[in-house]
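The structure appears right after this line, and notes come after that.
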Amino acid sequence: MSTISIRAAVYLRVSLDRNMDGLAIDRQRDDCLKIARDRGWQVIEEYVDQSKSATDKTKKRPAYDRMVADYEAGNFEAIICWDLDRLTRQPRQLEDWIDAAKDRGLKLVTANGEADLTTDGGRMYARVKAAVAVGEVERKAVRQSRAQLQRAQQGRAPKGTRPLGYATSGEVIAHEAQVVAEMFRLFAISNGTPIAAIASALSGKAGAEAPRSIPHLPKFSRTLMIERNERRMAEGLDPKPVPPDGPWTSSTVLGILRNPRYAGYSVYTNRSDRSDKNKRRNWYAQIIRDEDGQPIRGQWDPLVDELTWLTVQERLNDQTRITNRTGSTARKHLGSSLYLCGICDRPITAHSRGYRCSEGGHVTRSRPHIDEFVLQLIRERLARPDLQDVLPVRDEPRLLAIQAEIRERQGRIKRAQHDYDEEITEAHDFRRIRDRQNAAIADLEAERLRLSVGNDLGGVLGASEPVKAFDDADLAVKRRVIDFFCTVRLLPAPRGRKGFDPSTVAVAPK
Ligand SMILES: [Zn+2]
């Protein structure tokens, strides 16, 4: 037997705001130390956080952070905590620990015996537990914003920051409202004005593309702060610094074009939705619906008609999809944000010489072999005689049917959310329905993209020599062609192996 014992950290956390079931810190400590004794581990340090929520990312847990740093520094090989709730309830942090357990041999055990991240079963248990914890937080958030939800259901203007064009009370501010309406009109018309050009016009820049019908307005954050200061001074408070006037950003313009309130829809933002990666879908999800799934109208005057608003959303959806997944002109590498991490399914980013999963750190690969491998697969696909069969055609009736079905499914999610909010159903029922509908919606959106993508593939598919056309195409077109045919997932390269192994690039046809 080795005389060198495993060095362990003990992590303890007490939250004062919850019923601890008599689980005082001493008891946590005793249980953890017993584990160490039983396993013959040497406890090198105890990390104790007091009264810090494990779910709120903004709350600081100094001992936890110190422990992470000490682990990175190689101070110990094992962590003992009383249960996973004490350690973390954030799935992402948990995934980091699971990675450490899998890749670097970290031993993570809980004193209540529920999870041992050194085993498959323990890892699965940990993931399930983290998912449930997230569900509890979502549920709590729903309760806390019940009053806001009620306001929205009554069609009253939401509290908080006013949008451009409306006063906090919901009254229309005429000169701003005109600008909002004109922004929607310009963007909705076919070959409409680019968002950046609208932002330029608002910023007072007379660029070639900037539409003349949009006047210069002071930056909205500046206007809001000036108004806020007027209220503060009326209450006898000191004014806050006013941000200087500066250019409007595209994302501000995008936020305006996405806002359902302008079409008269009553809106409500579920706190747990805000951090959702898929913001685009959330703009629809913000629209409050009645029992039949019909949008509830706000008690304010719409600035644009529904059809214009919906048209703008469709145009934005197409743009978002293309920019997110295949990039417009900014991408320098074939696979940035297009390939996915084979472990967590999140988009891969490019760094100096390779691709990596920057969110989870699961995959770090060098670039050239992977890109050449993918390009070669696409060339082989383009050389096949059945290429004509996949040529996209614009099928209007089907596009309309897809649109209707997406709406219908969004309505179902809304009704499920409603049942959940009313405590008619449980969280797992709601999640099951939501996930199933979202999966179906994603498929429909993919189909819609395929039906409408024809022109975006740079004529490669219809070319007389598709392979040559592909090789001659610019990077953005190549990326769209790849995206059209397949999903590329990168798996971690096996350790200690030289050379490129094609089995580490998983290509799934679409
Ligand atoms: Zn990953």
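A few points about this structure:
- Members of K159/K219; K478/K498; K219/K414; K60/K414; K205/K240; K102/K510 lying beyond 23 Å, as alpha-carbon distances in this model show: K478/K498; K219/K414; K60/K414; K205/K240; K102/K510
- For segment 395-452, the solvent-accessible area works out to 52 Å² per residue, with a probe of 1.4 Å and every protein chain left in place.
- Carbon + sulfur, % of accessible area of segment 395-452 - ligands and nucleic acids excluded, 1.4 Å: 52 percent
- Two-site FRET efficiency, K468 against E291, from Cβ-Cβ distance with R₀ of 60 Å, rounded to 0.05: 0.55
- Annotation: amide H of Y166 within the under-5 Å range of I173, sequence separation 5 or more or interchain, hydrogens built in the peptide plane.
- Net lengthening on full extension, T425/I4 (0.36 nm per residue, minus Cα-Cα): 146.2 nm
- Converting the Cα gyration tensor eigenvalues of segment 395-452 into ellipsoid dimensions via √(5λ) gives semi-axes, longest first, of 27, 11, 5 Å.
- Relative contact order (percent, whole number), segment 395-452, Cα cutoff 8 Å, 6+ residue spacing: 47 percent
The values are calculated or read from the model by the stated rules, or taken from the named source; none is laboratory data. Small disclaimer: the values here were computed from a predicted structure and weren't measured. So basically every Cβ, Gly included, is an ideal-geometry build from the backbone, and we count neighbours across all protein chains shown. Protein only, heavy atoms only, side chains kept; ligands, DNA and RNA dropped before computing areas. Shrake-Rupley method; radii C 1.70, N 1.55, O 1.52, S 1.80 Å.
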